[in-house]
Amino acid sequence: MSSAQRQEYLNALGLQTWTLRTSGAAVAASIAASPVPTAGPLVESAAAPAVGPEVAAPREAAYDWPQLRERVATCTRCGLSATRTQTVFGVGNLQAEWLVVGEAPGADEDRQGEPFVGRAGQLLNSMLRAIGLAREQVYIANVLKCRPPQNRDPLPKEAGQCLPFLDRQIALLRPKIMLVVGRIAAQNLLHTDAKVGTLRQQVHTFGPAHVPLVVTYHPAYLLRSPAEKRKAWEDLKFAREVFARG
Ligand code: URA
């Protein structure tokens, strides 16, 4: 990636604003050259909690991509099916090595049927580009496939009923790394109550394939709290290093 491109991506993330005493180019160079944090210890995710009969042996565990997409599109497992415009299955390259997991569709996603297409999605695209990834190169999905009304937090029961779909997406995709954005997604995938500030900068693993999983802040949170973008940039570099390590 050329330094001009990197400057553009860092600008898009708002990262140039922190080092006011140097020129933009020098700041970009210093951020780009900053040491990648050493990947921390491997943290195994907690054992999956006991699940009810509804999700213990989901039929979708054997579905291929088209079957799964159709199953999600017609799902009425929880009350969110009554208020959605449409389901938001996921988008991206089915050969992707990177899987990005968010929380749930918002209003824009509910309208367009694609994850991360609103303002948070624009920032997510910039975050990915900052580590050399095009949106088209990765796969993007959410824990929930339907929008919660008024963008409220998903209820544990809703997440529990929807997660088998994401489990199957992960099994079909077989990503080399998962980048999990935000508290809700991280807590649901790692079966923890810990906050992002505690979970970030560690290598967790997901599922029987022990997919390396890195947690960072949700782009919507970063839009509200731009001072945290610096930490997100550290997390992105960390994830890139974990991926490179294989
Ligand atoms: N926030 C999310 O977590 N997912 C989306 O798809 C959009 C916003």
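The values are calculated or read from the model by the stated rules, or taken from the named source; none is laboratory data. On a predicted model such as this, the values are computed, not experimentally measured, just so you know. Ideal geometry is used to build each Cβ from the backbone, glycine not excepted, and the neighbour counts take in all protein chains shown.
Somewhere in the stretch 86-99, is a residue modelled with pLDDT of 95 or more, in contact with an Asp or Glu (Cβ under 6 Å, 6 or more places away or on another chain) and within 28 Å of Gln202 (Cβ to Cβ)? Looking through the stretch 86-99, at least one residue is modelled with pLDDT of 95 or more, in contact with an Asp or Glu (Cβ under 6 Å, 6 or more places away or on another chain) and within 28 Å of Gln202 (Cβ to Cβ). Taken residue by residue, the stretch 185-195 has at least one member that is under 14 Å from the mean Cα position of the chain (by Cα) and away from the ligand (no atom under 14 Å from the Cβ). Can you name the number of the only condition in (1) among the aromatic types (Phe, Trp, Tyr); (2) under 23 Å from Thr76 (Cβ atoms); (3) within 12 Å of the ligand (Cβ to nearest atom) that Phe165 fails? With respect to (1) among the aromatic types (Phe, Trp, Tyr); (2) under 23 Å from Thr76 (Cβ atoms); (3) within 12 Å of the ligand (Cβ to nearest atom), Phe165 is out only on (3). Scanning the stretch 160-173 for residues that are over 15 Å from the mean Cα position of the chain (by Cα) and aliphatic (A, V, I, L, M) returns Ala171, Leu172.
Tell me which residues, restricted to the stretch 129-159, are assigned to a loop (DSSP other than H, G, I, E, B) and either among the hydrophobic types (A, V, I, L, M, F, W, C) or under 14 Å from the mean Cα position of the chain (by Cα) (or both).
Of the stretch 129-159, the ones assigned to a loop (DSSP other than H, G, I, E, B) are 131-134, 138, 143-148, 152-155.
The answer is Ile131, Leu133, Ala134, Val138, Val143, Leu144, Lys145, Cys146, Leu155.
Only one of Leu222, Leu236, Leu199 is under 15 Å from Ser126 (Cα atoms) and touching a Ser or Thr at 6+ places or on another chain (Cβ under 8 Å). Can you tell me which? Please lay out each step first, then the result.
Numbers: Leu222 fails: touching a Ser or Thr at 6+ places or on another chain (Cβ under 8 Å); Leu199 fails: under 15 Å from Ser126 (Cα atoms).
Just one listed residue meets the conditions, Leu236.
Working carefully through the options Arg71, Arg119, Arg77, find the one that is modelled with pLDDT of 95 or more, of a type in the set (Lys, Arg), closer than 22 Å to Ile184 by Cα and away from the ligand (no atom under 13 Å from the Cβ).
Just a single option satisfies the conditions, and that option is Arg77.
Being within 26 Å of Arg59 (Cβ to Cβ), within 12 Å of the ligand (Cβ to nearest atom) and among the basic types (Lys, Arg): is that true of Arg147 here? Working first, answer last.
Working: within 26 Å of Arg59 (Cβ to Cβ): yes; within 12 Å of the ligand (Cβ to nearest atom): yes; among the basic types (Lys, Arg): yes.
Yes: the conditions hold for Arg147.
Say we look at the stretch 101-116 and pick out the residues that are touching a helix residue (DSSP H, G or I) at 6+ places or on another chain (Cβ under 7 Å) and either at positive phi or not acidic (Asp, Glu) (or both); which of these is farthest from the ligand (Cβ to nearest atom)? Working first, answer last.
Step one: list which residues in the stretch 101-116 are touching a helix residue (DSSP H, G or I) at 6+ places or on another chain (Cβ under 7 Å), which gives 101-103, 106, 115-116.
Narrowing the set further to residues that are either at positive phi or not acidic (Asp, Glu) (or both) leaves 101-102, 106, 115-116.
Details: Val101: 8, Gly102: 3, Gly106: 4, Pro115: 3, Phe116: 4 Å.
Looking at residues that are touching a helix residue (DSSP H, G or I) at 6+ places or on another chain (Cβ under 7 Å) and either at positive phi or not acidic (Asp, Glu) (or both), I get Val101.
Taken over the stretch 200-227, the criterion of being more than 16 Å from the ligand (Cβ to nearest atom), without any contact (Cβ under 8 Å) to a residue 40 or more places away in the chain and in a helix (DSSP H, G or I) is satisfied by Ala227 alone.
Any residue at all in the stretch 158-172 that's without any contact (Cβ under 8 Å) to a residue 60 or more places away in the chain and out of contact with any helix residue (DSSP H, G or I) (no Cβ under 6 Å at 6 or more places or on another chain)? I'd like the intermediate steps shown before the answer.
Our first condition is that a residue be without any contact (Cβ under 8 Å) to a residue 60 or more places away in the chain; within the stretch 158-172, this holds for 159.
Checking which are out of contact with any helix residue (DSSP H, G or I) (no Cβ under 6 Å at 6 or more places or on another chain) leaves us with none.
No: the stretch 158-172 contains no residue that is without any contact (Cβ under 8 Å) to a residue 60 or more places away in the chain and out of contact with any helix residue (DSSP H, G or I) (no Cβ under 6 Å at 6 or more places or on another chain).
For Asn93, the conditions (1) touching a strand residue (DSSP E or B) at 6+ places or on another chain (Cβ under 7 Å); (2) within 20 Å of Tyr217 (Cα to Cα); (3) not basic (Lys, Arg) all hold with the exception of (2).
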